[in-house]
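I have placed the structure first, in the form of structure tokens, so that the comments after it can refer back to it.
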Amino acid sequence: MGAPTTPVKTPTRRQNPSKRLFNIVRSELWFSDGNVVIIAAAIAFKVHRGQLRRHSEVFDDLFSIPQPQDQDLYDGCPWIEVYDCPSDVLYFLRALYDGLYFKTPGADDFPAVAAVLRLSTKYIVETLRQRCMHRLELDWPLTLAGWEHREQLATDAFGHYTPRVSCPHPILVIDLALDLGLPSLLPSALYDLSRYGPSKIMTGAPAPALSFTPAEPPATPRKPATLSPTLLVTAFRGREAAQRYLSDFVIKELQGRTPAADCLYLEDDVPSRMCRESFYFIMLNVLRSVGGIACGRDADPLFTLVQAVDMLSRTDFSDGHRQCGLKLCHSCKVDFANCAARAREEVWTLLPSWFELDVTGWAEVKVEKTDRMVIG
């Protein structure tokens, strides 16, 4: 993955007394036997030099520089000023000491993952960086199989879809990916965002939680994270492309669909009438999804195509007298299920182009195809 796209300030070792040393707030990460103090925006962390040198190339280089005997001290230790958010520093230092573990992955992991990824990239702690990327790619995968697993985790036992419980708001991930130069996260994040209605996309996402509460609350509430005007246009264009794909699928694959070559009802008085009527019923339900009426899953062709295939095996439809399933023969069911599976793979391949992205290798990783949908 790429390095940060904007210049970053490296930590500095102070030689002269600073007035800010008289207004320092000690953080919860304060080891009595620590031998170096890290200061970020007047928040201090007393830690161990060896721990920093062992994991970070940047700190190892910094501490290898000889220092004068009369250097400025804080609590009996040399101190270093870093130009990072104190909340990020706390998450980062915790990870250096305790590791980065997630018992049950969820959206609440994101503030820690984002903070540790930012600083592990800046200070070159590759093991933590890889751990963060692995965690992010569970929510924002490169493959269709990974996306399906993510969607399953976001759906509870009662069929309720709650993606913001399992995954953070996509705008937060888009900001992080652009800040750190991680284009592989953008297609799935922008696709996730585009499934919202336009007003929700424009509203943005609540600011992520900090690792600690400041002693003095800010004068104004933290602003929500929003997209730039250019990215808003990109998200809306991708949303339009998704809806257009579904419309084209209806026209090409459902409207007047030709039955399978070995359709069971080809020899009936009206050849394949029951299969044709069933495809018409599926088409009407897909059109409801295109309009955003069904299930609240706006502009989501990957979901709509799964729902279309699910209709092949459902038995809760009504013919006006009783509940029943669609009267499709097995051959037509298999034929349509394979058609929908191919369409979903095509959608995944097209995501970068829908959002005007150039993601190296995206078309190649998608060939890790999911199993064909099984029809009972």
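Tabulated values for the structure
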item	result
The stretch 157-184, residues that are open to solvent by less than 10 Å² (accessible area, probe 1.4 Å), under 16 Å from ALA235 (Cα atoms) and hydrophobic (A, V, I, L, M, F, W, C)	ILE171, VAL173, ILE174, ALA177
Pick from the stretch 288-308, criterion modelled with pLDDT of 65 or more and open to solvent by 20 Å² or more (accessible area, probe 1.4 Å), ranking: farthest from THR155 (Cα to Cα)	ARG288
All positions within the stretch 266-275 that are open to solvent by 20 Å² or more (accessible area, probe 1.4 Å), touching a Phe, Trp or Tyr at 6+ places or on another chain (Cβ under 8 Å) and not basic (Lys, Arg)	PRO271, MET274
Scope the stretch 225-265; condition open to solvent by less than 70 Å² (accessible area, probe 1.4 Å), among the hydrophobic types (A, V, I, L, M, F, W, C) and over 22 Å from PRO183 (Cβ atoms); matching residues	LEU246, PHE249, VAL250, LEU254, ALA260, CYS263
Residue in the stretch 226-241 that is among the charged types (D, E, K, R) and farther than 30 Å from LEU190 by Cα present	no
Total residues in the stretch 65-101, condition farther than 29 Å from THR162 by Cα, open to solvent by 30 Å² or more (accessible area, probe 1.4 Å) and not acidic (Asp, Glu)	13
Pairs where the first residue, in the stretch 316-343, is closer than 16 Å to PHE281 by Cβ and among the charged types (D, E, K, R) and the second is at pLDDT 90 or above and assigned to a helix (DSSP H, G or I), C-beta under 8 Å, 6+ apart	LYS327/MET274; LYS327/CYS275; LYS327/GLU277; LYS327/SER278
Residue match in the stretch 4-25 (condition: crowded, with 17+ Cβ neighbours inside 10 Å, of a type in the set (A, V, I, L, M, F, W, C), modelled with pLDDT of 90 or more and out of contact with any Gly (no Cβ under 8 Å at 6 or more places or on another chain))	no
Search result, residues across the stretch 102-156 that are surrounded by fewer than 20 Cβ atoms within 10 Å (Cβ to Cβ), in contact (Cβ under 8 Å) with a residue 60 or more places away in the chain and part of a loop (DSSP other than H, G, I, E, B)	PRO105, GLY106, ILE124, THR143
Filtered residues of the stretch 31-64 (kept if touching a residue at least 24 places away in the same chain (Cβ under 8 Å) and open to solvent by 60 Å² or more (accessible area, probe 1.4 Å))	ASN35, ALA41, GLU57
From the options THR234, THR220, THR258, residue that is β-branched (Val, Ile, Thr) and modelled with pLDDT of 95 or more	THR234
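The values are calculated or read from the model by the stated rules, or taken from the named source; none is laboratory data. Just so we're clear, the structure is a prediction, and the values are computed from it rather than from any experiment. Neighbour counts run over all protein chains shown; Cβ positions are idealised from the backbone, glycine included. The protein model used for the area step is the full one, side chains on, heavy atoms only, and it has no ligands, DNA or RNA in it. Shrake-Rupley method; radii C 1.70, N 1.55, O 1.52, S 1.80 Å.
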